[in-house]
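Before any comments, here is the structure.
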Amino acid sequence: MTLGPQCYNLQTQEELEFTDVIFYETALTAYNHEESTRQNNVNQEPTVPKTMKEALTGPYRKNWQDAIDLELHALRLNDTWTEINAPELSNTRPINSKFVFDLKRQSDGSIQRFKARLVARGDMQRDGVDYEHIFSATLRLESLRIIHAIAASKDLEVHQMDISNAFLNAECDRDIIMRLPAMGSTRGILVRLNKTLYGLKQAGRLWGQHLKQSFEQLGFVQNDLDTTVYTKGDIVIAVYVDDLVIAARKGEIDTIKNRYRCTDGGEINWILGLKVVRDRQARTITMTQEQYILEVIADLALENAVALTAPTFAKADEYNSKKINEKNHEKYRTIIGKVVWISRSTRPGISHIVHLLARKVAEPREVDMTNLVKLVKYLKGTLKHGIILGGSAIKVMAYCDANFVTPEDPGMFSLSGYVFAILGPVSWGSKRQVLLALSTTEAEYIAACLAGKEARWIQLFIESLGIECKIELRCDNQSAIKLAQDDAFRARTKHIDLNIHWVRWAIQQNYFQIEFIPTKDQLADIFTKVLPGSTHESIMSRLHILNTTL
């Protein structure tokens with residue numbers, strides 16, 4: 001005889017044990033608590049999950065699940081793979097796959113959409129079996145800035161397009177078996193790849209080859225100076241993986257949209273993490289990295305720190321400054337990588353300091369970490385600064401400079417610096433010389449050679465876009481200029497390597513000219529030394545690296 005209350009399953013009329021019963025009050029309380037927690041978490045800023053489990057159990061699980069479903073739908077629609085049975089494997093070793101998640105943001109930092117990408121575990125591929133050649137060209141930032149400067153000056157339309165599932169357009173060149181990620185308790189099924197997939201070592205190369213063939217069928221010509229750039233008349237297309245930057249007259253952009261399933265973002269305002277703002281009346285385009293710099297500031301927990309308005313740099317004393325611990329060493333490497341990207345993209349004014357700090361990445365000391373923190377504080381104080389490109393005329397201004405035997409270099413090597421500007425900087429560099437200069441003349445001559453090679457590339461690239469380009473390289477050393485213009489024998493320079501004399505030959509070929517400017521007008525000075533605040537600010541202003549909100 002059963003004592004006490006009894007519970008039944010209303011559908012089967014079977015009696016239930018108390019261990020199988022969840023009382024309504026308890027279940028309701030647990031449900032309300034879970035819903036309350038979820039709602040509180042949803043009100044928080046979403047973060048990028050590292051695993052599928054984290055994505056599908058977090059407060060934004062529906063958003064991530066929708067992103068996963070969208071990705072799988074696109075893959076099946078594109079006939080990316082063919083399902084197979086295990087006995088079909090023979091001697092083929094399958095590789096695994098996983099989902100990678102990201103948040104695509106707009107120029108103001110707000111979330112545009114949740115992204116889920118199915119990627120192959122390329123680290124499981126075998127060289128010579130699953131792949132052979134893997135090189136794939138990527139767009140040079142110099143090319144991107146030059147194209148924007150020309151488009152602004154000529155008042156061309158500049159659109160950004162995102163090719164949906166770009167790599168899936170290329171055929172897979174090897175027999176690759178892949179296991180799909182497990183869904184719940186179901187083990188991932190095996191598939192044979194028909195198309196390349198993100199994560200495969202050869203995917204970028206095969207996509208580039210496919211894109212080249214497609215563009216050539218449409219009448220475009222691949223640029224020899226940057227193979228990620230294609231031209232057809234006045235249309236210029238720059239490709240960065242699956243992002244297209246198209247500069248063209250009105251009405252000429254639909255051709256590309258009809259060839260691929262593209263998401264046309266309209267007039268460009270965001271590319272590679274760079275915010276792009278256009279002023280058609282002034283015929284300029286401004287590039288900034290405010291959102292990315294804020295992330296670097298957060299990485300160092302400097303949100304409430306006092307900002308600096310001028311860069312500073314304390315010389316390292318390797319005898320009195322201690323090495324930083326392993327935890328800070330990892331942080332140093334991470335932040336250095338990020339400020340290198342900033343210095344290469346929109347903030348040339350910090351290139352010299354970044355160059356000095358990056359050379360200490362293997363064994364940084366406390367003074368190096370202090371200098372890095374000061375640099376980020378300076379970025380915080382100049383958060384809205386950016387480069388302004390274009391202008392009413394396409395004219396390249398070029399400067400080169402050297403700092404002879406820099407005291408920061410224990411090897412006693414000099415530093416070279418150069419900058420090329422179309423209103424604002426489009427190319428710049430701060431590099432340690434590989435040859436030991438014996439005088440300021442030699443150091444300036446070596447710097448002129450380095451700048452000359454960049455000048456020749458810029459000239460050829462601009463001319464390949466159908467625009468005449470003449471460059472005059474400005475140097476503040478009379479002796480170096482005479483050495484570059486005159487091939488007379490000199491006892492004090494007879495030891496200089498033959499390849500450095502290329503700059504003299506290039507001038508004789510009229511590739512570019514070299515002329516003298518006073519040191520006070522040398523705008524490349526900022527790339528070879530840390531200048532006083534007022535001098536630094538003056539050069540920044542003359543290079544049109546300005547506060548974009550003014």
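None of the figures in this text is laboratory data; all of them are computed from the coordinates on show. Computed from a prediction, not measured in an experiment: that's the story for all the values here. Glycine gets a Cβ as well: all are built from the backbone with ideal geometry, and neighbour counts include every protein chain shown.
Quote the charge dipole size of segment 393-547 about the Cα centre in Debye, to the nearest 20; the model charges only the Cβ of Lys and Arg (+1) and of Asp and Glu (-1). Spell out each step's value before the answer.
Working: 15 positive and 17 negative charges, 32 e Å.
So the dipole magnitude of segment 393-547 works out to roughly 160 debye.
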Estimated D of segment 288-381 in µm² per second, where Rh is the Kirkwood radius over Cα pairs and Stokes-Einstein applies at 25 °C, 0.890 mPa s: 184
Q509 versus Q106: modelled label distance in nm, points set 7 Å from Cα along the beta carbon direction: 4.9
Gain in span if fully extended, H329 to Q478, counting 0.36 nm per residue against the direct Cα distance: 49.2 nm
Listed residue (T440, Q513, A491) projecting farthest to the positive dipole end of segment 439-523, Cβ model: A491
Contact order relative to length of the chain, as percent, for alpha carbon pairs under 8 angstrom and 6 or more apart: 12
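Quick check on segment 393-547: take the gyration tensor over C-alpha atoms, sort the square-rooted eigenvalues as a ≥ b ≥ c, and tell me if it's rounded (a/c under 1.5), prolate or oblate. Could you put the intermediate results ahead of the total?
Working: a/c = 1.94, a/b = 1.11, b/c = 1.75.
Oblate shape, in that a/c is at least 1.5 and b/c is the bigger or equal ratio.
As a test of understanding, state the convex hull volume per residue of segment 113-244 from its alpha carbons, in Å³. Could the numbers behind the result be given before it?
Details: hull volume 17.8 nm³, N = 132.
With only Cα atoms used, segment 113-244 gives 135 Å³ per residue.
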Those lysines that a straight Cα-Cα span of less than 16 Å connects to K104, excepting residues fewer than 8 apart in one chain: K50, K115, K275
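Helix-only estimate, please: 222 nm mean residue ellipticity of the chain, summing -39500 (n - 2.57) across DSSP H runs of length 4 or more and dividing by its residues, to the nearest 500. Intermediate results must be reported in sequence, preceding the final value.
Numbers: 14 runs with 181 residues, N = 550.
After summing the helix terms and dividing by residue count, I get -10500 deg cm²/dmol.
Sorted by mean Cβ packing within 10 Å, highest first, what order do the peptides 531-541, 93-103 take?
Numbers: 531-541: 14.9, 93-103: 16.6.
Order by mean packing, descending: 93-103, 531-541.
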Long-range HN-HN contacts of Y198 with modeled amide H, under 5 Å: A120
Charge dipole (the chain, unit charges on Cβ, about Cα centre) - positive-most of S97, L473, A203: L473
Centre separation in Å (Cα based) which lies between segment 450-509 and segment 188-267: 36
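Quickly rank 384-392, 455-463 as a protection proxy: mean count of other C-beta atoms within 10 Å, highest first.
Numbers: 384-392: 21.9, 455-463: 19.6.
In descending order of packing, they fall as 384-392, 455-463.
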Nearest-0.05 FRET efficiency for V373 and E216, computed from C-beta distance (R0 45 Å): 0.35
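If packing is taken as the mean number of other Cβ atoms within 10 Å per residue, what is the order of 129-141, 234-246, highest first? Don't jump to the answer; show the numbers that get you there.
Values: 129-141: 15.1, 234-246: 21.2.
Result, highest mean first: 234-246, 129-141.
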Spatially proximal aspartates and glutamates relative to K323 (Cα-Cα < 20 Å; intrachain offsets below 8 disregarded): E363, E366, D368, E408, D409
Sequence-distant residues sharing a close amide H with I514 (under 5 Å, placed H): L473
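Could you tell me what a quarter of the Cα convex hull surface of the chain works out to, in nm² with one decimal place? Write down the numbers at each step before the final one.
Numbers: hull surface 147.5 nm².
If you wrap the Cα atoms of the chain in a convex hull and average its projections, you get 36.9 nm².
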